[in-house]
1. Do we have Asp89 as more than 12 Å from the chain's Cα centre (by Cα) and either farther than 16 Å from Tyr37 by Cα or without any contact (Cβ under 8 Å) to a residue 12 or more places away in the chain (or both) here?
2. Just give me the residues in the range 43-73 being among the small types (Gly, Ala, Ser) and either modelled with pLDDT of 95 or more or under 14 Å from Ser21 (Cα atoms) (or both), in sequence order.
3. Grab the strands (runs of 3 or more DSSP E) fully contained in the range 25-80, keeping just those with 1 or more residues being more than 15 Å from Ala91 (Cα to Cα), open to solvent by less than 50 Å² (accessible area, probe 1.4 Å) and polar (S, T, N, Q).
4. It is to be established whether one or more residues within the range 93-108 are loosely packed, with under 13 Cβ neighbours inside 10 Å, on the phi < 0 side of the Ramachandran plot and of a type in the set (A, V, I, L, M, F, W, C).
Amino acid sequence: QVQLVESGGGVVQAGGSLRLSCQASGRFFNIGAMGWYRQAPGKQRELVATITSIYTTNYQTSVKGRFTISRDNAKNTVYLQMNSLKPEDTAVYYCLGVSVGKNYWGQGTQVTVAS
């Protein structure tokens, strides 16, 4: 079993920055891909960024150049540095971790960007 705990959400003005963290814990052999998804009110959950265990990254087009995903394998932690935030980035951000072919999700952290 894998538990994922996110932190770092909050309220920020447009143009500001936030850094999200997500640490995996529990009894598992290893964590493969990790990533961040988000869900805005009334919308479906969407991919923001993913990173594999060998640091290959993938981003949603709308966040390219503004967000950076990274990970520390020794700490089983994934980060999302978010710069130049826009009101449309407002959502609950969820951490994803994949272990032995199974997806695990964090509880979500709210990010609110005020205009």
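1. Working: more than 12 Å from the chain's Cα centre (by Cα): yes; either farther than 16 Å from Tyr37 by Cα or without any contact (Cβ under 8 Å) to a residue 12 or more places away in the chain (or both): no.
No.
2. Taking the range 43-73 as the starting set, the residues that turn out to be among the small types (Gly, Ala, Ser) are 49, 53, 62, 65, 70.
Answer for the range 43-73, where residues must be among the small types (Gly, Ala, Ser) and either modelled with pLDDT of 95 or more or under 14 Å from Ser21 (Cα atoms) (or both): Ala49, Ser62, Gly65, Ser70.
3. Numbers: elements: 34-39, 46-51, 57-59, 67-72.
Answer list for the range 25-80: 46-51, 67-72.
4. First, pick out the residues of the range 93-108 that are loosely packed, with under 13 Cβ neighbours inside 10 Å: 100-103, 107.
Retained after the next criterion (residues that are on the phi < 0 side of the Ramachandran plot): 102-103, 107.
Imposing the further condition that a residue be of a type in the set (A, V, I, L, M, F, W, C) reduces the set to none.
No, there is no match, as no residue in the range 93-108 is loosely packed, with under 13 Cβ neighbours inside 10 Å, on the phi < 0 side of the Ramachandran plot and of a type in the set (A, V, I, L, M, F, W, C).
The values are calculated or read from the model by the stated rules, or taken from the named source; none is laboratory data. Computed from a predicted structure; not experimentally measured. Every residue, glycine among them, receives a Cβ derived from its backbone with ideal geometry; neighbour counts consider all protein chains shown. Just the protein is used for accessible areas: all its heavy atoms, side chains included, with ligands, DNA and RNA removed. Shrake-Rupley method; radii C 1.70, N 1.55, O 1.52, S 1.80 Å.
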